[in-house]
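Where a number appears in this text, it was derived from the coordinates with a stated rule and is not lab data. Everything numeric in this text was worked out from a predicted model, so none of it was measured. Here the Cβ positions follow ideal geometry from the backbone for every residue, glycine too, while neighbour counts run over all protein chains shown.
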């Protein structure tokens, strides 16, 4: 007895140690999974950001490249005029106005847009104290005095003020001292004209016109240039704005957006209500109220950091670091500024399918969603693997417990049979009464052994689908009478009493008598096994209508036993499962009785439920549906269906 207690305690300690090790193992596994998911989530977030940033960079590079290419093409329309006129800072010392008139005439005949030049003027400031404005005619080869309009007058005033010398004239684009904002200093020191201002051409965007200083323009009748001093004259090319709007800008724009999702517009200061030109659906609308990218067409002042950057770029360095949402084009023509608040001509770009920021945001959301789904799938996969592993481990433990329980259950009757057989074989039993008693022991234990083997075989048959049932109409009183006869010996031997409460007029049900009797017999056997001695078991049957207006017969078995804790209720119908309290109480069993009962109930089209309270007992209820049609027909079809399962 002491040895058995020692073995039981050692076994219990071994189980506790194994459970503790298992607990530590699963804690480590779950911690590792959490760390893995956090790492993958962090990497996924970084990947999403990097992918979105790379996409935004690619979009920005495409937009920036398109706008710069457009800008260069647009600039070439003006550059062709500068090249055709061949004006240099000192060209006036050797050439008269006739040379410029001839070049103007040649350009007028050869250029595809002759109307781009509205007027060509020469402003003489070096020959007399009163400046004179001469208008050149490409057809007649004449220079006739002309009176400027109001818009041109402001430009002429600026040019007259900056005619004192070539150094001053090349910086005529700078605002006057009184129009310059206080505390404005050049971000870079002024370089020489030969390095900062390569061409000498300057742009007045309000006229619009491009101008260039010349040291001296000879009078029409002079054979030689005058030696009048440092004064300079000016060549003024007045551009035709309608031609720019109707011909130049549409042609340039069409070359770059014909097969793209973008629309372009040119406005003053990048404002939709001051548009000079708009392509596509943006014409005459507020579509460009919020453009995706803007570019100062004629570039920043050469004195600024950005202007110095573009001067460096034109000398051969690479273009990097330009913010594509808002930037300036190269400084080809310094813009004549009359005040610091003047707004430049601005190229605006918009995406027809929606703001590019929204496209990037949508892409970010999509990438985040995809990453989240991937992470969710990974988490789900890991959870399934862990759950399957946990269930497999739990099933293995249950199977080991089942093997141990079955071995113990088999050993007890086998030991009794072996002991009785040895006593008979050794001649210790020599009377007929003794032989009869020992024969009854052998028969009883063999019967118990056969029942145990049958239970295991039935469980195996229900699992592999080989179990067959014959469904027939059954009367509930007859079924309960069979139950009473089969359990009478068990109940009386344990000192229990059984009370039956059968509702009158119960309709017949469809089922297999032997299987249903066995199902209810398992419930009664459990009530006897898990209840203290000399208790009452109540078997009740009544008719009930379900929520779906289906009638069913409920057969319940109520005991006054130990009861089942709420945490164990969901496991009681699982194969091989035995609660720790039952195992510690050393109550014999295989963990298959309730599983078989539940399988039989399901095969009959019913269910098995349980209600229990610790210390008060349990109630197991068999729910059997009442057929609505002819029982014989249902029995035939049901038998066929069950046999095919």
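Fewest first, what order do 551, 472 take by the number of other Cβ atoms within 10 Å? Could the numbers behind the result be given before it?
Details: 551 14, 472 17.
Listing 551, 472 from fewest to most nearby Cβ atoms yields 551, 472.
With a 10 Å radius around each residue's Cβ, average the other Cβ atoms per peptide and rank 596-605, 560-569, highest first.
Per-residue Cβ counts within 10 Å, averaged per peptide and sorted highest first, yield 596-605, 560-569.
Listing 390, 623 from the residue with the fewest other Cβ atoms within 10 Å to the one with the most, what is the order?
390, 623
To the nearest 0.05, how large is the calculated FRET efficiency for residue 390 and residue 535 if R₀ is 41 Å and r is the Cβ-Cβ distance?
So, using R0 = 41 Å, E works out to roughly 0.60.
Once you order the gyration tensor axes a ≥ b ≥ c over the Cα atoms, which shape class does the range 107-166 get: rounded for a/c under 1.5, otherwise prolate or oblate by comparing a/b with b/c?
Since a/c reaches 1.5 and a/b is larger than b/c, the shape of the range 107-166 is classed as prolate.
Given a Förster radius of 60 Å and the C-beta distance between residue 363 and residue 503 as r, what FRET efficiency does 1/(1 + (r/R0)^6) yield to the nearest 0.05?
On the way: r = 69 Å, r/R0 = 1.15.
Here the calculated transfer efficiency is 0.30.
At 7 Å along Cα-to-Cβ for each site, give me the label-to-label distance between residue 419 and residue 380 in nm.
That separation, rounded to one decimal, is 5.9 nm.
Peptides 492-500, 537-545: what's the order by average Cβ count within 10 Å, highest mean first?
537-545, 492-500
Using a 10 Å cut-off on Cβ atoms, rank the peptides 365-371, 80-86, 427-433 from the highest mean neighbour count down. The partial results should precede the final answer.
Numbers: 365-371: 14.4, 80-86: 16.7, 427-433: 9.4.
Packing proxy ranking, top to bottom: 80-86, 365-371, 427-433.
Please work out how much length the chain gains when fully extended from residue 61 to residue 36, using 0.36 nm per residue of separation minus the C-alpha to C-alpha distance, in nm with one decimal.
Numbers: separation 25, 0.36 × 25 = 9.00 nm, distance 3.67 nm.
Taking residue 61 through residue 36 to full extension adds about 5.3 nm, to one decimal.
Can you put 25, 203 in order, fewest other beta carbons within 10 Å first?
Lowest count first: 25, 203.
At a Förster distance of 30 Å, what's the computed FRET efficiency of residue 340 paired with residue 86, Cβ-Cβ distance as r, to 0.05?
0.30
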